[in-house]
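The values are calculated or read from the model by the stated rules, or taken from the named source; none is laboratory data. Being a predicted model, the structure only gives us computed values, none of them experimental. Note: ideal-geometry Cβ built from the backbone for every residue, glycine included; neighbour counts use all protein chains shown.
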Amino acid sequence: MDVDSAKKRCSFCGEPGRADLPLVGGLGAFMCGTCVDYYGEVVAAFRQSGRDNGSPWEEMSDPEVLGKLSMIVRTGAQVDQFLLEWVQLARSRTLSWAEIGRALGISRQAAWERFARDMPDLEDPHTRTDAG
Ligand SMILES: [Zn+2]
């Protein structure tokens, strides 16, 4: 599992992680220290007032909205990579494609077709004799 912040981006502002700007997160979403501070203040303000401060996109310009699109695509790719790393972890623990598929709500074959080409062990479940 790759935990190197330098290879990831903040899922909230898009800032790339660096050695001096580590990211925190989980489930494929990461947050830089600047966003942790900002959203900490947002949550504190909500707790104090009992209401949130609305939808920030309503005050964005069209270029700002368009600028978010590529960031959303990058975040999606980061989440996909995170899922792949966790499937690799599951496979390294010898969990079967059937178990992985069941956890994802898809068939064993669908799980294998989606992830096996990116796995170190590229065995086709159709050629295996065990229950893999
Ligand atoms: Zn950020």
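Can you confirm whether the stretch 110-129 contains a residue that is outside any helix (DSSP H, G or I), modelled with pLDDT of 95 or more and surrounded by fewer than 15 Cβ atoms within 10 Å (Cβ to Cβ)? Please lay out each step first, then the result.
Quick first cut of the stretch 110-129, residues outside any helix (DSSP H, G or I) only: 119-129.
From the residues that got through so far, the ones that are modelled with pLDDT of 95 or more too are none.
Within the stretch 110-129, not a single residue is outside any helix (DSSP H, G or I), modelled with pLDDT of 95 or more and surrounded by fewer than 15 Cβ atoms within 10 Å (Cβ to Cβ).
Looking at Ser55, Ser70, which is the one that is loosely packed, with under 13 Cβ neighbours inside 10 Å and away from the ligand (no atom under 16 Å from the Cβ)? If you could, list the steps in order and put the result at the bottom.
Values: Ser70 fails: away from the ligand (no atom under 16 Å from the Cβ).
On inspection, the qualifying residue turns out to be Ser55.
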Looking at (1) under 13 Å from the mean Cα position of the chain (by Cα); (2) at pLDDT below 90, which one does Asp52 not meet, given that it meets all the others? (1)
I'd like to verify a number: residues in the stretch 27-72 that are closer than 13 Å to Cys10 by Cα, among the aliphatic types (A, V, I, L, M) and part of a helix (DSSP H, G or I), how many? 3
Restricted to the stretch 1-26, and to residues that are modelled with pLDDT of 85 or more and part of a strand (DSSP E or B), which residue is farthest from the ligand (Cβ to nearest atom)? Arg18
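Considering only the stretch 31-51, I want to know if a residue exists there that is among the polar types (S, T, N, Q), away from the ligand (no atom under 13 Å from the Cβ) and on the phi < 0 side of the Ramachandran plot.
To start, the set of residues in the stretch 31-51 that are among the polar types (S, T, N, Q) comprises 34, 48-49.
Narrowing the set further to residues that are away from the ligand (no atom under 13 Å from the Cβ) leaves 48-49.
Next cut, on the phi < 0 side of the Ramachandran plot only: 48-49.
Scanning the stretch 31-51 turns up at least one residue that is among the polar types (S, T, N, Q), away from the ligand (no atom under 13 Å from the Cβ) and on the phi < 0 side of the Ramachandran plot.
Within the group Val65, Val87, which residue is more than 16 Å from the ligand (Cβ to nearest atom), among the hydrophobic types (A, V, I, L, M, F, W, C) and touching a Phe, Trp or Tyr at 6+ places or on another chain (Cβ under 6 Å)?
Working: Val65 fails: touching a Phe, Trp or Tyr at 6+ places or on another chain (Cβ under 6 Å).
Result: Val87 is the single residue among Val65, Val87 that is more than 16 Å from the ligand (Cβ to nearest atom), among the hydrophobic types (A, V, I, L, M, F, W, C) and touching a Phe, Trp or Tyr at 6+ places or on another chain (Cβ under 6 Å).
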